[in-house]
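Worksheet: one structure, shown below.
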Amino acid sequence: MENNNLYPKATRELAEKKAALAPKNIEAWRTFSKTVFEAGALDEKTKQLIAVAVAHVTQCPYCIRSHTPLALRKGATQEQIMEAIWIAAEMRAGAAYAHGTLAMEEIEKYNQKNN
């Protein structure tokens, strides 16, 4: 499947250009990223499944394209990846519903002020 030109293709050349513009920052980022995804209290597969889920919540196509094959390489199954995506979908929808409480509060304030 091709990129639909909505997002530029991530290439080594573009990555190197970005890195050259802020070498200290990219070095710190790469160290941070490497450290975060190392096995610890959570194994690497679980961390990649979390990354896949978060990538869907943040709707980052680059992250989805990066972390999905990483999750597979770390031993995740297709079913586990899809389940992680469904968890992300529920959390995003749940957040929208939960934030409805803010709207209800504003409705109450408006009604008290205007009645």
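The values are calculated or read from the model by the stated rules, or taken from the named source; none is laboratory data. Please read these numbers as outputs of a predicted model, since none were measured by experiment. Please note: Cβ atoms are built from the backbone with ideal geometry, for glycine as well, and neighbour counts cover all protein chains shown.
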Criterion (among the aromatic types (Phe, Trp, Tyr), on the phi < 0 side of the Ramachandran plot and either surrounded by fewer than 10 Cβ atoms within 10 Å (Cβ to Cβ) or within 14 Å of the chain's Cα centre (by Cα) (or both)) met by exactly one of Tyr62, Tyr110:
Tyr62
Residue that is closer than 13 Å to Ile85 by Cβ and small (Gly, Ala, Ser), where the choices are Ala39, Ala51:
Ala51
Looking at this structure, is Ala88 small (Gly, Ala, Ser), surrounded by 11 or more Cβ atoms within 10 Å (Cβ to Cβ) and within 23 Å of Arg12 (Cβ to Cβ)?
no
For the stretch 5-115, list the helices (runs of 4 or more DSSP H) that sit wholly inside it and hold at least 3 residues that are out of contact with any helix residue (DSSP H, G or I) (no Cβ under 7 Å at 6 or more places or on another chain) and polar (S, T, N, Q); which are they?
23-37, 100-114
With surrounded by 11 or more Cβ atoms within 10 Å (Cβ to Cβ), out of contact with any Ser or Thr (no Cβ under 7 Å at 6 or more places or on another chain) and either at pLDDT below 95 or more than 30 Å from Ala95 (Cα to Cα) (or both) as the only criterion, which of Ala51, Ala22, Ala39 stands out?
Ala22
Residue count, the stretch 61-107, condition under 18 Å from Lys47 (Cβ atoms) and either among the hydrophobic types (A, V, I, L, M, F, W, C) or in contact (Cβ under 8 Å) with a residue 60 or more places away in the chain (or both), comes to 13
